[in-house]
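Report on the structure given below.
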Amino acid sequence: MKKVSFSLVLGLLAPAMFIIGAEPFEVRGRTSIKEIVAGSLAVALYLAFCQFCVAPKGSRGLGAKWPTLVAMTAPLIVMFVFMALREKPHTVLEQGLPMLISGCCGIFAGAVLAGRVTLPAVSLEFCRRSLLTCAALLVAVALVVAAGVVPPVKADTFLLATPQRAVPVFWWIVALDLLAATLLVFIAIRAKGLGGLSTTVLGLLAFLAFLLACGLTGPAFGYREHGPAMQTACILLFFCSAAEFLAAMLLSTTAFLFPELSERRTAPVT
């Protein structure tokens with residue numbers, strides 16, 4: 001049930017991935033082919049990875065995977081129907097339909113790939129190292145944002161700049177990253193066995209890292225138009241966003257390795 005609920009949430013985030021993928025190729029006044037292709041590719045890769053994580057491994061048929069397949073596909077269908085009812089036809093054809101098709105293809109590809117892969121044996125120590133690596137990534141992002149992004153944002157002289165709004169948001173990102181890193185270190189160090197490890201907490205932290213990555217990606221593209229003084233901040237924001245995405249993927253993978261590890265450790269010896 002947890003995997004089904006998590007699949008539903010991951011499917012709801014597909015539009016955000018479409019926007020993130022399409023934004024670098026955005027052309028003012030019209031929707032370019034590059035923008036559609038990039039957004040669709042981002043959705044396909046994102047949902048393929050998500051479905052690969054949540055789908056049962058080693059079973060080539062789709063019978064055991066249908067709950068996560070349906071849960072992840074349902075938000076795409078609902079959002080497409082909503083767009084068809086509310087948006088103009090060209091918007092549905094340029095954004096809604098490509099997102100739906102690419103998303104369904106990515107979900108199916110992730111399920112098929114999951115059926116052809118058998119998870120390697122993992123140890124608790126391996127999972128601890130994974131969590132500490134994620135914590136290090138989040139701390140690095142917090143330090144870079146605090147030292148390399150906030151100061152130029154405060155001094156931004158661009159006509160449309162709003163540092164009084166942007167700076168508090170960046171400080172919130174710093175605080176959330178440090179809090180998440182602290183929780184990960186606590187889980188990694190204090191866990192004596194699988195009973196001290198919560199896949200729910202790891203899933204929530206992965207979701208938080210994903211949201212923070214999205215929150216950093218928007219300003220990274222927006223500040224490109226604020227002049228030469230903000231270009232370094234743009235580059236740092238892109239690196240920070242990539243680190244957040246990496247942490248989210250690593251946390252998601254680790255969260256789904258724990259149940260597999262738990263089953264192997266508790267399985268009776270015959």
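The values are calculated or read from the model by the stated rules, or taken from the named source; none is laboratory data. Here the structure is a predicted model, which is why all the values come from computation and not from measurement. All Cβ positions, glycine included, derive from the backbone under ideal geometry; neighbour counts span all protein chains shown.
Brief remarks follow.
- When Val150, Val141 are checked against the criterion of being modelled with pLDDT of 90 or more, touching a Phe, Trp or Tyr at 6+ places or on another chain (Cβ under 9 Å), outside the structural domain of Ala14 (by TED's automatic domain parsing) and under 25 Å from Leu10 (Cα atoms), a single residue qualifies: Val141.
- Every residue from region 139-155 that is within 19 Å of the chain's Cα centre (by Cα) and part of a loop (DSSP other than H, G, I, E, B): none
- In region 7-52, the residues that are of a type outside the set (A, V, I, L, M, F, W, C), within 19 Å of Ala220 (Cβ to Cβ) and part of a helix (DSSP H, G or I): Pro15, Gly21, Glu23, Pro24, Lys34, Glu35, Gly39, Tyr46
- Hits in region 105-138 (condition: among the aromatic types (Phe, Trp, Tyr) and at pLDDT 85 or above): Phe108
- Applying the condition of being touching a residue at least 60 places away in the same chain (Cβ under 8 Å) and farther than 17 Å from Val141 by Cβ to region 215-235 and asking which residue is surrounded by the most Cβ atoms within 10 Å (Cβ to Cβ) yields Met230.
- Residues of region 129-144 satisfying the condition of being surrounded by 18 or more Cβ atoms within 10 Å (Cβ to Cβ) and among the basic types (Lys, Arg): none
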